[in-house]
1. For the stretch 185-198, check the following and say yes or no: at least one residue is part of a loop (DSSP other than H, G, I, E, B), of a type in the set (S, T, N, Q), at negative phi and crowded, with 16+ Cβ neighbours inside 10 Å.
2. From the list V340, V370, pick out the single residue that is surrounded by fewer than 24 Cβ atoms within 10 Å (Cβ to Cβ) and either at pLDDT 95 or above or under 19 Å from K261 (Cα atoms) (or both).
3. When the residues of the stretch 10-35 are filtered to those that are touching a strand residue (DSSP E or B) at 6+ places or on another chain (Cβ under 8 Å) and exposed (fewer than 12 other Cβ atoms within 10 Å of the Cβ), which remaining residue is modelled with the lowest pLDDT?
4. Look through D38, D77 and report the one residue that is touching a Pro at 6+ places or on another chain (Cβ under 7 Å), at pLDDT 80 or above and among the acidic types (D, E).
5. What residue, among those in the stretch 222-239 that are basic (K, R) and under 28 Å from the mean Cα position of the chain (by Cα), is surrounded by the most Cβ atoms within 10 Å (Cβ to Cβ)?
6. Collect the residues in the stretch 343-367 that are crowded, with 18+ Cβ neighbours inside 10 Å and not in a helix (DSSP H, G or I), keeping them in residue-number order.
7. Being in a helix (DSSP H, G or I), outside the structural domain of D332 (by TED's automatic domain parsing) and at pLDDT 90 or above: is that true of S123 here?
8. Would you call R96 buried (at least 19 other Cβ atoms within 10 Å of the Cβ), charged (D, E, K, R), modelled with pLDDT of 95 or more and within 25 Å of D343 (Cβ to Cβ)?
Amino acid sequence: MEVVGVDIDSDAAEAARRALTAAGVGHRILHGDALTIDWSALGAFDLVIGNPPFLSQMATSTTRGGASSRGGGPYADAAVEFLALAAEVVDPDGGRVAFVLPQSLLSARDAGAIRASYDERASLAWSWWTGERIFDAQVLTCALLFEFGTPSATPGRWGRVVTDREGVPEVPSDLGGADTLGDRCRLNANFRDEYYGMVPAVGNHDRGPKLITSGLIDPGRNWWGERPIRFAKQQFDRPRIDVSKLDDKMRGWAAQRLVPKVLIANQTKILEAVADTRGEMLPGVPVVAAYPKSMPGRASSDAACEIAAVLTSPIASAWAWHRSAGTGLSSDAIRVGPVVLGDLPWPAGPLDRAVAALRSGDVRSCGALVDAAYGVTDRAALATWWETRLDRIEQRQPTNVTASTRDR
């Protein structure tokens with residue numbers, strides 16, 4: 001047996017050499033960057049293990065400045081490059097790869113190509129995840145062991161490392177009809193430019209569009225005026241945007257968004273959405289907004305209510321969890337964006353009763369009726385999982401609720 005190792009830290013490399021020599025283990029320990037050395041002369045390895053650096057691409061101090069040279073997208077954590085390298089140097093017939101990784105890699109969009117390449121060549125043989133910060137890292141982590149030579153029996157399902165332990169129920173594979181949510185609306189999330197563009201216009205004004213942040217959105221409920229928010233390091237009780245204080249570009253932005261729509265929290269335990277049927281709200285960053293597409297004989301306000309109802313269901317939340325597990329800042333939350341939500345299948349059944357239930361504030365009945373529209377007959381596990389999380393959300397509600405905070 002021979003151990004081959006590479007470390008960019010010369011002291012760590014020397015410590016490894018001493019330890020292996022003392023143990024009588026043959027070794028080649030190199031000082032250098034594993035991503036840049038020539039591995040071709042070293043052969044294929046039976047086992048590749050690693051705890052690569054976790055380097056966010058959103059920070060200027062750790063960004064590589066673009067897409068990974070090994071297939072990761074521009075926002076994929078640098079750890080994905082080391083995972084891709086491991087697949088290049090491991091024995092393709094029976095070799096194993098064991099890595100400690102940031103949990104975000106399980107579902108992050110920009111790591112999708114690397115996950116797909118693994119699924120084609122290897123199966124996940126073992127995993128570990130606790131939802132706690134065990135290591136000296138600023139992010140949640142997981143450990144994965146892959147065995148090469150047999151393709152994955154469940155491709156695209158790395159998120160099950162989290163969902164299995166979190167008890168997220170499975171969803172039927174044949175949900176809905178031919179349409180998706182993305183077929184029925186345009187989904188959009190604002191970014192840094194919009195955030196800074198709003199700053200001079202936000203205040204506790206008497207008039208102007210209401211500013212809605214993720215913290216004001218619960219399933220089927222808008223808490224504007226009941227919950228204070230923090231925006232640009234200031235607290236506001238009834239935040240509105242004075243459009244006259246926006247620059248020309250931002251005024252155009254606001255005009256395009258003051259239409260019937262659905263506002264969706266970005267970081268969530270279950271999907272949280274509220275319909276803005278009158279087009280009187282503006283989404284904060286990073287709220288996701290769904291703008292209904294024009295449909296003959298269908299008012300945009302009615303379409304918005306249908307979209308909000310579909311999102312306020314156990315099926316939609318479990319579906320989103322299976323595609324986004326690991327992306328949240330906490331272990332019991334996910335981050336959702338336009339791409340994920342756009343792929344949500346649209347139910348084939350009628351939604352009139354579900355919309356009526358949501359309008360009346362009966363979120364649980366709405367969820368049951370949407371599940372029925374999806375054709376789900378055995379929903380006990382789904383309902384228990386979803387309603388347990390809904391109970392936790394409702395426990396944080398203000399006690400002085402008034403009817404004016406709902407968008408009916």
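1. Going through the stretch 185-198, the residues part of a loop (DSSP other than H, G, I, E, B) turn out to be 190-191.
Narrowing the set further to residues that are of a type in the set (S, T, N, Q) leaves 190.
Right, trim to at negative phi and you get 190.
Filter once more, so that each one left must be crowded, with 16+ Cβ neighbours inside 10 Å: 190.
Within the stretch 185-198 (the criterion being part of a loop (DSSP other than H, G, I, E, B), of a type in the set (S, T, N, Q), at negative phi and crowded, with 16+ Cβ neighbours inside 10 Å), the answer is yes, since at least one residue qualifies.
2. On the way: V370 fails: surrounded by fewer than 24 Cβ atoms within 10 Å (Cβ to Cβ).
Just a single option satisfies the conditions, and that option is V340.
3. D33
4. Values: D38 fails: touching a Pro at 6+ places or on another chain (Cβ under 7 Å).
On inspection, the qualifying residue turns out to be D77.
5. Residues of the stretch 222-239 basic (K, R): 227, 230, 233, 238.
Filter once more, so that each one left must be under 28 Å from the mean Cα position of the chain (by Cα): 227, 230, 233.
Values: R227: 16, R230: 11, K233: 6.
In this case the residue turns out to be R227.
6. Scanning the stretch 343-367 gives L344, P345, W346, P347, L351.
7. Details: in a helix (DSSP H, G or I): no; outside the structural domain of D332 (by TED's automatic domain parsing): yes; at pLDDT 90 or above: yes.
Taking the combined requirement at face value, the residue does not satisfy it.
8. Working: buried (at least 19 other Cβ atoms within 10 Å of the Cβ): yes; charged (D, E, K, R): yes; modelled with pLDDT of 95 or more: yes; within 25 Å of D343 (Cβ to Cβ): no.
When the stated conditions are applied, R96 does not pass them.
The values are calculated or read from the model by the stated rules, or taken from the named source; none is laboratory data. What you see is a predicted model, and the numbers here were worked out from it, not measured in a lab. Because the Cβ atoms are built from the backbone with ideal geometry, glycine has one as well, and the counts that use them run over all protein chains shown.
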